[in-house]
Amino acid sequence: MLVCNLTPRSHESVLDVGCGTGYFTRELGRVMTGPITGVDINPDWIQTARRKDPGRAVYQVADAQELPFPTASVDLVVAITSLCFVADFAKAVREMVRVARRRVAIGLLNRHSLLWLQKRRSSGTGSYQGARWHTVCEARRLFDGLPVTRTRVSTGIYVPSGGKFAQWIEPRWPQIVPIGAFILVVGDVFPERVDLSWSPCGNLDTRTYSPRDFGP
């Protein structure tokens with residue numbers, strides 16, 4: 001689902017924000033040919049990721065709210081549910097858009113799903129404790145005010161075993177019934193963009209842009 005929406009080109013670079021122990025980073029590394037970097041704020045998780053993935057990807061400690069990369073320096077920037085645990089969610093999204101050169105993909109947890117009902121009954125214990133859940137409507141507005149166009153939203157059901165069954169059912173899951181536990185939001189970054197960094201006064205350029213502002 002993620003790779004199909006990213007449509008990676010040969011040798012494009014990828015940044016996995018909030019990579020944890022590197023599971024999705026390694027999965028991306030198996031199907032993509034370009035350089036891959038995983039970042040997470042937890043140094044113990046980064047050490048684990050390095051042990052599990054010697055050589056293919058580069059892993060470093062970094063805060064999603066202040067990514068240590070230049071503007072438009074990575075082709076594809078992804079975050080798979082990691083932003084659901086970031087204190088300043090909007091700032092992390094802006095940072096991902098700032099760093100991206102072509103496309104951004106953000107995975108969210110769906111508040112209108114059976115998984116949410118299950119975790120709500122258990123008070124959000126375990127790995128979901130403290131997570132931020134979104135609706136599909138909220139996901140569609142994720143990039144509002146940012147230099148991003150062609151926003152697409154899809155949902156995927158949660159299949160614990162993964163594997164071939166998950167691969168078979170994902171593309172067949174009807175998007176008119178967006179109750180999958182996972183929401184994927186994908187957007188294309190404009191070829192030119194506003195300055196998304198904070199000014200000394202803390203103000204952000206919030207002008208509205210459309211693709212025609214930047215030519216064909």
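Every read-out reported here was derived from the displayed coordinates using simple, explicitly stated rules and does not represent laboratory data. Here the structure is a predicted model, which means the values were calculated and not measured.
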Legend entry - Quotient of Cα Rg and 2.2 N^0.38 Å for the stretch 1-102, N being how many residues it contains: 0.98
Legend entry - Computed Kirkwood radius, in angstrom, where 1/r is averaged over Cα pairs of the stretch 43-99: 12.5 Å
